[in-house]
Structure formats: C-alpha cells, structure tokens
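Visitor: Structure below; questions to follow.
Values quoted throughout were computed directly from the atomic coordinates according to the rules given, and no laboratory measurement underlies them. Values in this document were obtained by computation on a predicted structure and should not be read as measured data. Cβ placement follows ideal geometry from the backbone for every residue including glycine, while neighbour counts extend to all protein chains displayed.
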Amino acid sequence: MIRFIAPLFAFGLLVLIFIKGLDPDRNLNELPSPFLGKEAPQFDLPRVRAPEERLASADYEGEVVLVNFWATWCVGCRQEHDFLMEIARSGVIPIYGIDWRDQRAPALEWLNVLGDPYVASGFDEDATTGIDWGVYGAPETFLIGKDGTVLYKHLGPLSRQTWEAEFLPLIEAERAR
C-alpha cells in the first residue's frame, strides 16, 4: 500500500510547487536578502582602479549608501549604467561598486569609456564577497543604512521607477532617523 501512496504524495507535492511557480502575481525580481534588517557583511577588497589601495565596508561607516555589484560581462549592468551615472551626478547618495567575477582590464576600460558612478569600486575577482552578500547574479544593488544594516536589495538593472518607488522613500526615512 505504501508503495502506491508515496509516489502519489510526491506527485502532489510537485504539483503544488509548479502551481506556486506559475503564479502570475509573483515578483520575479524579488529574492529577499537574508541580511534585510541585519548588518551587511564586512569586506575588504583591492580597488579596481588602484589595486594597491583597498575598499572596505568600513569606508562608508555611518553613511547611507548604495552598494552595487556589477561586471563588464553583465548585460543588465550596461542597461543600468547610465541611470547610475545620473544618480551619482545628482549627489543624492554615494554609490560604492563591487566588480564581481570580472577581469581588471575590461573593468578599467568600462569605467573609462562609460563613466564611473562609484565613489570607489572593489575588485571581487574570486566572487567571495559576492558569496558573502548572497549575490545571485549581477547587477544587484543594496541600500545600506547609517548603522550598516541592509535596508533593501534589488535584483536586476536599477530603473527610475524602482528608484523613485523603493529607494528614495527608504533613503529619506533613514536620513530622518
């Protein structure tokens, strides 16, 4: 009897998983960080532009900042780059970059040709910092509060709509604290 019930139970479980996966109301860009509301992981990386210098999480301590994981091989990173430049020019918030699973020469060319929206970029060639932060793929952008906690995580290219609806209200609320 159990030989027949176990496969039926497994099949029923798979059907439920597929139904949840086909839910048209789910947000495909929503993959919450286990760090939301918790301290962001610490890091200390060589800088992209000056490998003899370091970029560490301590560099933005006490500030509200964006940490943006990017790479030159990433199509979505190219899509969001002009908007990141616009945010940087506005002076609303400092942006720190982490060049993730990339090579230094293309990263330098990228920043020189397209512009550099980052206060500084760390070079995460072996992806250990990305793993520590739970990065699934580039681009990913984290909003970090004054106390070092992760306030928000966005997967995919950053858009004006997401910026205005999600990031700006959180930035204003954090600065008002």
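Visitor: Sort 108-114, 139-145 by the packing proxy (mean of other Cβ within 10 Å over each peptide's residues), most packed first.
Guide: The densest-packed peptide leads the list: 139-145, 108-114.
Visitor: Hey, got a sec? Which GluC sites (Glu not before Pro) in region 30-104 land in a DSSP loop and have at most 16 other Cβ atoms within 10 Å? Write out the running numbers ahead of the final one.
Guide: Values: sites: Glu30, Glu39, Glu52, Glu53, Glu61, Glu63, Glu80, Glu86; in loops: Glu30, Glu52, Glu53, Glu61, Glu63.
Here the GluC sites (Glu not before Pro) that fit, given the DSSP loop and packing criteria, are Glu30, Glu52, Glu53, Glu61, Glu63.
Visitor: Here's a follow-up. Could you work out how far the C-alpha centroid of region 137-177 sits from that of region 39-83, in angstrom?
Guide: 14 Å
Visitor: Same structure, new question: Where in region 45-89 does the label zone of Lys146 land, with the point 7 angstrom along Cα→C-beta and an amide N cut-off under 16 Å?
Guide: Residues 60-66 qualify, since their backbone N sits under 16 Å from the label point.
Visitor: I'd like the Karplus ³J(HN,Hα) series for region 57-73: coefficients 6.51, -1.76, 1.60, θ = phi - 60°, whole numbers in Hz, and an x wherever there's a Gly or Pro.
Guide: Here the 3J(HN,Hα) series is 4, 5, 5, 10, 4, x, 10, 8, 9, 9, 10, 10, 8, 9, 7, 6, 7 Hz.
Visitor: Provide the per-residue ³J(HN,Hα) series for region 162-169, in order, calculated from phi with Karplus coefficients 6.51, -1.76, 1.60 and θ = phi - 60°, each as a whole number of Hz, with x at glycine and proline positions.
Guide: Running phi through 6.51 cos²θ - 1.76 cosθ + 1.60 with θ = phi - 60° gives 5, 4, 6, 7, 10, 6, 4, x Hz.
Visitor: Further question on the same structure: For labels at Tyr136 and Arg54 in the simple 7 Å Cα→Cβ model, what's the distance in nm?
Guide: 3.2 nm
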